[in-house]
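The values are calculated or read from the model by the stated rules, or taken from the named source; none is laboratory data. Note that the structure is a prediction, hence the values are computed from the model and not measured. Here the Cβ positions follow ideal geometry from the backbone for every residue, glycine too, while neighbour counts run over all protein chains shown. The accessibility values were calculated without ligands, DNA or RNA, using every heavy atom of the protein model including side chains. Shrake-Rupley method; radii C 1.70, N 1.55, O 1.52, S 1.80 Å.
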Protein chains: 2
Amino acid sequence: VSSGRPITFTRGVPPADSFPVDEVVECADTILRLDPAVLLQYGKSTGYQPLREWIAQANGRAVDDVLISNGSLQILDFIGTALLSDNDVVFVEAPTYDRAITTFRRHRARVVGIPLQNDGVDIAAFEQALRREVPRLVYIIADFQNPSGATTSATKRRRLVELAQEYDFWIIEDAPYRHLRYYGEPQPTLLSLGPQRVLQLSSFSKQISPGMRLGYVIAPAEIISRLARIAEDTYISPTMPSEGIVYEYCRRGYLERNLPRLLALYRPKLEATLASLRRELPEASFMTPEGGYFVGVNLPIAVSGKELAARAAKVSLVLTDGDGFFPEKPAQAFVRIPFCGITVPEIEEGVARLAQVYRELTK
Amino acid sequence: VSSGRPITFTRGVPPADSFPVDEVVECADTILRLDPAVLLQYGKSTGYQPLREWIAQANGRAVDDVLISNGSLQILDFIGTALLSDNDVVFVEAPTYDRAITTFRRHRARVVGIPLQNDGVDIAAFEQALRREVPRLVYIIADFQNPSGATTSATKRRRLVELAQEYDFWIIEDAPYRHLRYYGEPQPTLLSLGPQRVLQLSSFSKQISPGMRLGYVIAPAEIISRLARIAEDTYISPTMPSEGIVYEYCRRGYLERNLPRLLALYRPKLEATLASLRRELPEASFMTPEGGYFVGVNLPIAVSGKELAARAAKVSLVLTDGDGFFPEKPAQAFVRIPFCGITVPEIEEGVARLAQVYRELTK
């Protein structure tokens, strides 16, 4: 395997050729001329009202149940301010989105990881943990989980919502990848199963453009109004022109047209990732995602994420520290492969380099 | 005085006719076509690099001394996270920007107000307070202060910076109105006098459009890198398309052309405000701002801001609770008149209504 040009298995970013540039320019031109007195002015802390209404309607909810912000991570931070007190407990899947762990800890919460299985969090372990302590929040990425690729089964979704009702905790359902399903049938959202107990985060980052920083949350109106007060205290209102552009993009039906284009772009990349892993790393275990951005790979070696990344760097393979996806250091090495932002040859070459590193470590 | 259509003396917002719509649309079209792979992608937590460079150059600083965010209030929040611990002390001018007080208190700081005079904070009172306790931060709006309109004299600016060096505290210089000078000569910025002790906040809100939510901070590079880490943990990167638009707007020289237009638009409004106050409310005391958005009015009656606002509402004059601009309830009633966003007839009618309310309260 040649170790020529660096190959990057780090951030879950879309490729530049996924950006619908012409349509974005067209929508910017239209909406900035049509509604400048609103889009160039301070907005409401809940976001641009027409986009709020569009999101509410698309999700069968009232407009008061929706808040738009500069990316969904920012909303997670607001949720921390609204709902977490010092030393509150948050349950997360292990592994989970590293920035979510950071956000909860910034709010002085204690983060507890529950092992993740192919079909979602280990419910027996979850219930055992619940008997020890009741969390304030449970953070779940039910569709095409970041970083593992797992999708939570309908049965487990129902059980999680039942437990939320019984033990009185909030579920944060983070759903940025939900619309990127390459195979199989959609499962019901946690939000639809427990609308009074679930705050659903979503985003246009993976559907249009992350640079827009356009995330939103759907939740009971009383939660939304608390988040809106925090949002106003933090930045008065979110950035308006991008909300106008995305609204116009959705209103014209461009989003519906863009999604099949993205599925066609990303599905072969997922297939290449899985095929490369099967071919090059039969020793590894990994899930078979039906959509999304990531395949998480468990390597049967007890090496730290830092050391693995250092070894990989020597063959020009850029990895993040896989340990960061776990609240506590995992027993095995974990590698997240974000396949959307790179090409099929890069995926193949990257997995080959990963296999080379693995074999050097085990020989 | 008729109490017909409501007149709003509340938020410091620009009028819709100040927005350079055609130029903004033109810049959006150009820059989104020119740099989509950067502007539609996740950005750096410090902001769009070309705009960062433009700001650095315009201020004679290194690019590492600049961070751009979604509005300067958001940056004030980051500064709170970076520099404030529980029960730290923050000195502010009394009155000051109400949202700044809220932000410092959210970070569990104790906010101490130092009386404001025509030429800036009362230095004797400031030094007396310093002998009692050394603040971590001192928050100063040196140019056309919000809400009073006061401008800090060069002498006081120098003294503040000397004291910062002597007592080892940080000065936050909030300067969003600095470019809106209708009369007189600019004073040196606190930043230029004490570059190692000052974090200067500024914004394009009052120069182009607040809906863009485009604020920035100029500070020593080690502070910027701490803020950048907090920014990344909060929202990954700020909203990129609006940064591209503003960069293109500045690069083309449109900002230089827009400022004289704004001065011509706002100066008659300031004159109308001062003339109306002299005519209708000779009992009031107020400063004579040389620029900016606000005239702050002290009424010689001991009535709460809430009660004054309730009385004003009866004659369709919408006031904010003036007490909110003070860390501790002021002895006299205080009214902020934000004159830029309303018309001259509205200013005249509004001041007349305020005079009517005042006379009813004192008769």
Qualifying positions in the range A:49-71 - touching a Phe, Trp or Tyr at 6+ places or on another chain (Cβ under 7 Å) and farther than 14 Å from A:Y235 by Cβ: A:P50, A:L51, A:W54, A:I55, A:V66
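Tally the residues that are under 15 Å from A:A272 (Cβ atoms), aliphatic (A, V, I, L, M), over 16 Å from the mean Cα position of the chain (by Cα) and not in a helix (DSSP H, G or I), restricting the search to the range A:320-363.
Looking only at the range A:320-363, we keep the residues that are under 15 Å from A:A272 (Cβ atoms), and these are A:337-355.
If we keep only those that are aliphatic (A, V, I, L, M) too, we end up with A:337, A:342, A:344, A:347, A:351-352, A:354-355.
Narrowing further to those that are over 16 Å from the mean Cα position of the chain (by Cα): A:342, A:344, A:347, A:351-352, A:354-355.
From the residues that got through so far, the ones that are not in a helix (DSSP H, G or I) too are A:342.
Qualifying residue count for the region: 1.
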Residue in the range A:45-60 that is within 14 Å of chain B (Cβ to nearest Cβ), over 25 Å from A:Y177 (Cβ atoms) and without any contact (Cβ under 8 Å) to a residue 40 or more places away in the chain present: yes
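Are any residues in the range B:158-184 within 20 Å of B:R136 (Cβ to Cβ) and over 17 Å from the mean Cα position of the chain (by Cα), and if so, which ones? Don't jump to the end; show me each part of the working.
Just the residues of the range B:158-184 that are within 20 Å of B:R136 (Cβ to Cβ), to begin with: B:159-174.
Answer for the range B:158-184, where residues must be within 20 Å of B:R136 (Cβ to Cβ) and over 17 Å from the mean Cα position of the chain (by Cα): B:R159, B:L160, B:V161, B:E162, B:L163, B:A164, B:Q165, B:E166, B:Y167, B:D168, B:F169, B:W170.
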Residue list for the range A:49-73, filter: touching a Gly at 6+ places or on another chain (Cβ under 8 Å), assigned to a loop (DSSP other than H, G, I, E, B) and under 16 Å from A:I218 (Cβ atoms): A:G71
Top-ranked residue in the range B:178-201 [being touching a strand residue (DSSP E or B) at 6+ places or on another chain (Cβ under 6 Å) and within 28 Å of B:P268 (Cβ to Cβ); ranked as least open to solvent (accessible area, probe 1.4 Å)]: B:L180
Index of the failed condition, B:D233 passing every other in (1) closer than 14 Å to B:L67 by Cα; (2) surrounded by fewer than 24 Cβ atoms within 10 Å (Cβ to Cβ): (1)
B:I101 being over 22 Å from B:G305 (Cα atoms) and among the β-branched types (V, I, T): no
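Filter the range B:1-35 down to residues that are among the basic types (K, R) and more than 21 Å from the chain's Cα centre (by Cα) and give me whichever is surrounded by the most Cβ atoms within 10 Å (Cβ to Cβ). If you could, list the steps in order and put the result at the bottom.
Step one: list which residues in the range B:1-35 are among the basic types (K, R), which gives B:5, B:11, B:33.
Pick out the ones that are also more than 21 Å from the chain's Cα centre (by Cα) and you get B:5, B:33.
Values: B:R5: 8, B:R33: 13.
Within the range B:1-35, the match that is surrounded by the most Cβ atoms within 10 Å (Cβ to Cβ) is B:R33.
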Residue within the range A:84-97 that is crowded, with 24+ Cβ neighbours inside 10 Å and either small (G, A, S) or touching a Ser or Thr at 6+ places or on another chain (Cβ under 7 Å) (or both) present: yes
Scope the range B:266-319; condition in a loop (DSSP other than H, G, I, E, B) and open to solvent by 20 Å² or more (accessible area, probe 1.4 Å); matching residues: B:P282, B:E283, B:M287, B:T288, B:E290, B:P300, B:I301, B:A302, B:S304, B:S316
In the range B:122-169, the residues that are open to solvent by 30 Å² or more (accessible area, probe 1.4 Å) and of a type in the set (F, W, Y): B:Y167
Among residues of the range B:230-284, those that are over 17 Å from B:Y48 (Cβ atoms) and among the acidic types (D, E), counted: 5
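Going through the range B:65-79 one residue at a time, which ones are of a type in the set (S, T, N, Q) and more than 7 Å from chain A (Cβ to nearest Cβ)?
Listed by number, the residues that qualify are B:S69, B:S72.
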Qualifying residue in the range B:332-345 (condition: surrounded by 15 or more Cβ atoms within 10 Å (Cβ to Cβ), closer than 30 Å to B:P20 by Cβ and out of contact with any helix residue (DSSP H, G or I) (no Cβ under 9 Å at 6 or more places or on another chain)): yes
Unmet requirement for A:V38, which otherwise passes all of (1) open to solvent by 50 Å² or more (accessible area, probe 1.4 Å); (2) more than 9 Å from chain B (Cβ to nearest Cβ); (3) in a helix (DSSP H, G or I): (2)
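To keep it simple, each residue is scored yes or no on (1) within 11 Å of chain A (Cβ to nearest Cβ); (2) touching a helix residue (DSSP H, G or I) at 6+ places or on another chain (Cβ under 7 Å); (3) in contact (Cβ under 8 Å) with a residue 24 or more places away in the chain; (4) not in a helix (DSSP H, G or I).
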| residue | (1), (2), (3), (4) |
| --- | --- |
| B:A82 | no, yes, yes, no |
| B:D86 | yes, no, no, yes |
| B:V92 | no, yes, yes, yes |
| B:T103 | yes, yes, yes, no |
Residue tally, condition more than 7 Å from chain A (Cβ to nearest Cβ), in a loop (DSSP other than H, G, I, E, B) and touching a Phe, Trp or Tyr at 6+ places or on another chain (Cβ under 6 Å), over the range B:7-35: 1
Any chance A:L67 is open to solvent by less than 20 Å² (accessible area, probe 1.4 Å) and more than 21 Å from the chain's Cα centre (by Cα): no
Residue in the range B:105-121 that is surrounded by the fewest Cβ atoms within 10 Å (Cβ to Cβ), counting only those that are part of a loop (DSSP other than H, G, I, E, B) and within 14 Å of chain A (Cβ to nearest Cβ): B:R108
Test result for A:R105, among the charged types (D, E, K, R) and either modelled with pLDDT under 95 or over 21 Å from A:G80 (Cα atoms) (or both): no
